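Input: a single structure, listed below in structure tokens.
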Amino acid sequence: MGVALVTVLALALAACGGSSSKGGTGKKGGTTGTTLVKGLDPNAGTPTPGGSATFALEAETTGGWCLPEAQLAMAGIQVARSIYDTLTVPDSKGNYIPFLAKTVTPNADFTKWTITLRDGIKFHDGTPLTAQVVKDNLDAYRGKFPARKPLLFVFVFDNLKDVKVTGPLSVEVDTIKPWVSFPAHLYSYGRLGMMAEKQLKDGGNCFKDMIGTGPFEFKGDWVVNDHLTVVKNPTYWRKDKAGAQLPYLDKITYKPIVETATLVNGMQAKQFDIAETDTTDAIFQLRQIAQDGSITMVESAQYPEITYNMFNSSKPPFDNINARKAFSYAINADEYNQVRQHGILKQAFGPFGNGTLGYLPESGYPAGSIIKYDPAKAKTLVATYKQQAGQAFAFTYTTGTDPFALQSAQLIQNYMKAVGITMNIKQEEQSTMINDAISGNFQVTAWRNHPGFDPDTQWVWWHCGAVPAAASPTETNIGEPGPPQNGNNCNNAVNFGRFNDAQINKNFETGRSNPDPAVRKTAYEDLNKSFAKQVWNAWGFYALWTLPSQSNVKGQLGPNLPTATSPDAVGNAPFTGLSSGDDTSGLWIKH
């Protein structure tokens, strides 16, 4: 149950995947049911063009928006989606729909994808969107464009063999192995925006000289830690279903607001028109304000991120499965949720949330694999660990520097003490936590990641190409049923937990290459169960992203999507999750 910490690197690396003519390709599946989005106004009326909005963000993006190299958490993605468009976007059912692309089509074995672009789209500097520009962008993301040095996107696209221009508006992408879910990666949680050639080649100014095709343009008004302003793109390539030009607003001013009290007071005082937050303290207070109708709370429980505690399985004590299980059994999740999260969040039992392929509700797991609060069992496992390791059970828990994170960690510390485990707390700045995750300099750390897109987008975090090493004597399931552990010789630099699970590797490979939706579903459900059996992470809760807004703000989820024959909002309904921000092209102010 990790503290809801925004891990910048986690979202910086996130991969995602047009649409395909092949049945099931690019689809997420999973549990859909009733759309879990609350607070939208079904009777908003006809949009009114014009006006401006002040949009409160949870953090500043100090590194800027040179997208292949950028480290973008939610706040950074929100700004990026206003300025840049992606080749594909997800719809309300989790299918990936061509966006800047007109079509995204595979060959028979999914080793070659043809991307055909829409004609007539221009960047903010007036230059056209062409196949050459798209090739250069994709090359930049995969580390093959001379002017750009991507930090970690090379891991996301390590299955690409070649990108070729085959016509003015046509690009051909060859993959090393079949890649059924490639269209999801062309979205990449909203991060894979197309930049103009000038920005791509802009050397040291790429981070701030932002040029996209999106609904809003950046004119240079950015004061770090104060505000960033974008203005309407008058020649945006999309119109709404009634033929009105998008976007509706003339201007958006983004303001980084870190403190919960400042956000809540600002919404109440109408200093902010709209905000994005997953902080449970803020949600709790804003819900109370919304009861009188002065503000609206748009909330989505679909396709969520996961908060959790991430074990380093390459070093003691969590190289031992009994230590991982003892930690997990020791935590009273229901009490934690009430005390630290106002009872707002739903407990997670796996890496996939509602709506995502591979999601399993609690009842879907095999008997004995769900870990719930059981201090007696935790004490037994602690004794087993001490006998195996020949030493006391002690570790250091890493969390953020804010008081909320410390108080949450202290509650976990009390749970550990009650079962005989000594837990020390280390508070670090976000950037230091990320660096420690990269270097393996941690034992267990609070984490948040894995937005609910196609499960193949999680390959980058958990798949290992190397054959697992033999299990060590301490990596056995003494005291608990289940298969022996796999070794931790993972050759994936961003598998921060440093586990190498043969079954998870196999499930990922099946899900990536097999076009049958039923086969993919089974593969990711089995992957989910493998996580549960081996306790590679101590799952916490599904994050709840919300868009609190003034009552006159409408269109929070954006307009409908385009079709292959029309760029306008005449196609499928937009994505219902908020785990990649808000489509600002549809925001409008009701007068």
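When we screen T48, T61 for residues that are surrounded by fewer than 24 Cβ atoms within 10 Å (Cβ to Cβ) and among the β-branched types (V, I, T), the only hit is T48. Which count do you get for residues in the range 60-105 that are of a type outside the set (V, I, T) and in a loop (DSSP other than H, G, I, E, B)? Of the residues in the range 60-105, 21 are of a type outside the set (V, I, T) and in a loop (DSSP other than H, G, I, E, B). Among the residues that make up the range 150-167, is at least one of them over 27 Å from the mean Cα position of the chain (by Cα), assigned to a strand (DSSP E or B) and either closer than 16 Å to F99 by Cβ or among the hydroxyl-bearing types (S, T, Y) (or both)? Yes, the conditions are met somewhere in the range 150-167. For the range 429-456, the set of residues classified as surrounded by fewer than 18 Cβ atoms within 10 Å (Cβ to Cβ) and not in a helix (DSSP H, G or I) consists of E429, G440, N441, listed by residue number. All of (1) at pLDDT below 95; (2) in contact with a helix residue (DSSP H, G or I) (Cβ under 8 Å, 6 or more places away or on another chain) hold for N95 with one exception: (2).
If I filter the range 76-111 down to residues being surrounded by fewer than 24 Cβ atoms within 10 Å (Cβ to Cβ) and among the small types (G, A, S), which single residue comes out as nearest to K255 (Cα to Cα)? Within the range 76-111, the match that is nearest to K255 (Cα to Cα) is S92. Considering the conditions (1) in the same structural domain as Q271 (by TED's automatic domain parsing); (2) within 20 Å of the chain's Cα centre (by Cα), N552 is excluded by exactly one of them, (2).
Here is a yes/no grid of residues against (1) at pLDDT 90 or above; (2) in a loop (DSSP other than H, G, I, E, B):
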{"position": "F531", "(1), (2)": "yes, no"}
{"position": "G540", "(1), (2)": "yes, no"}
{"position": "S549", "(1), (2)": "yes, no"}
{"position": "P559", "(1), (2)": "yes, yes"}
{"position": "P562", "(1), (2)": "yes, yes"}
{"position": "A569", "(1), (2)": "yes, yes"}
{"position": "T576", "(1), (2)": "no, yes"}
{"position": "S579", "(1), (2)": "no, yes"}
{"position": "S585", "(1), (2)": "yes, no"}
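Does the range 407-428 contain at least one residue that is surrounded by fewer than 22 Cβ atoms within 10 Å (Cβ to Cβ) and modelled with pLDDT under 90? So far as the range 407-428 goes, no, none of its residues is surrounded by fewer than 22 Cβ atoms within 10 Å (Cβ to Cβ) and modelled with pLDDT under 90.
H342 fulfils the conditions (1) over 26 Å from L406 (Cα atoms); (2) surrounded by fewer than 24 Cβ atoms within 10 Å (Cβ to Cβ); (3) within 24 Å of the chain's Cα centre (by Cα) except for a single criterion, (1).
Residues that are within 21 Å of I121 (Cβ to Cβ) and surrounded by fewer than 19 Cβ atoms within 10 Å (Cβ to Cβ) within the range 176-209 comprise E197, K198, K201, listed in sequence order.
Looking across the range 350-389, the residues that are modelled with pLDDT of 95 or more and basic (K, R) come down to K377, K379, K386.
The values are calculated or read from the model by the stated rules, or taken from the named source; none is laboratory data. For clarity, every value in this text was computed on a predicted model and none was experimentally measured. Cβ coordinates were reconstructed from backbone atoms using ideal geometry, including for glycine residues, and neighbour counts include every protein chain displayed.
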